[in-house]
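To start, the structure itself, in structure tokens.
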Amino acid sequence: MFHLQNQLGWNQEAMIAGARDVRLSPSIVESFPRKEAALVEFFMDECLENFIDRIESEKGLKNLIVSECISKLVRIRLEMQAPYISKWPQALSIQALPQNVPTSFKQRAMLVDEICDAVGDEGSDFDWYVKRTILGGIYSTTEVYMLTDSSPEFRDTWAFLDSRVKDAFELKKTMREVVSVGGLKSSFIASSQFKKIEILLTSVMYYNFSQMQHLAEAVGTGVGNSLDGLMKSIFQR
């Protein structure tokens, strides 16, 4: 359905070509006032439906520990974007426009909810929101990292994802230890986990849509190599 995106991108030209593909008048595009945004949002909705179907058909998920299950689910979802990776910076930029942010945020929140539900997280307390914020940050940083990954089958991206998920779980463990001993400052200074806390906070920062827009635009204007270096520098273990 989206076979024209790698060639034409996420724009009105692609919509007109798509209309002609199915023998409709190009004028039908004018019935979509938000045009490019509508195209990207339709793709996101399609991916979410396909993602939910995959969750239901993946029998092995229940046999995985929570961290492995999260990594697998994020990877499944991001692999749906892999065929369009060369034009995905444009899609991110469209999503990050002020008038499109509410819908974009809602779609990503729904995705995060599906992942959390699939791993059995059904809480409703403050921790519920923290988990989803961190998971949203992990998803978005991995999505951006993927834009500059030239490794075979995005091997480096999946390694990056696994590391971020591991960091999240080590952060949770560290915070429990801090609470149990009651010495916040001393525990943080003594803990080797401080770097990982910094990494997770950076992940949450990148969840901001304006940051995503700037990163996507940077990749789209040909500074992908420098961005790749920046990302690897930030998240170097």
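Throughout, read-outs are computed from the coordinates displayed, never taken from laboratory work. Computed from a prediction, not measured in an experiment: that's the story for all the values here. Reconstructed Cβ throughout: ideal geometry from the backbone, glycine too, with neighbour counts over all protein chains shown.
Once the Cα-Cα distance is subtracted from the 0.36 nm per residue extended length, the Ala82 to Ser150 segment shows a gain of 23.3 nm.
Quick one: grab the alpha carbon gyration tensor of segment 48-175, order the square roots of its eigenvalues as a ≥ b ≥ c, and give me rounded if a/c is under 1.5, else prolate or oblate depending on whether a/b is larger than b/c. Rounded, since a/c falls under 1.5.
Mind giving me the FRET efficiency for Ser67 and Leu24? R0 is 45 Å, r the Cβ-Cβ distance, nearest 0.05 is fine. Walk me through the numbers before you get to the answer.
Values: r = 46 Å, r/R0 = 1.03.
It comes to 0.45.
The label-point distance for Asn11 and Lys106, in a model that sets each label 7 Å from Cα toward Cβ, rounds to 2.8 nm.
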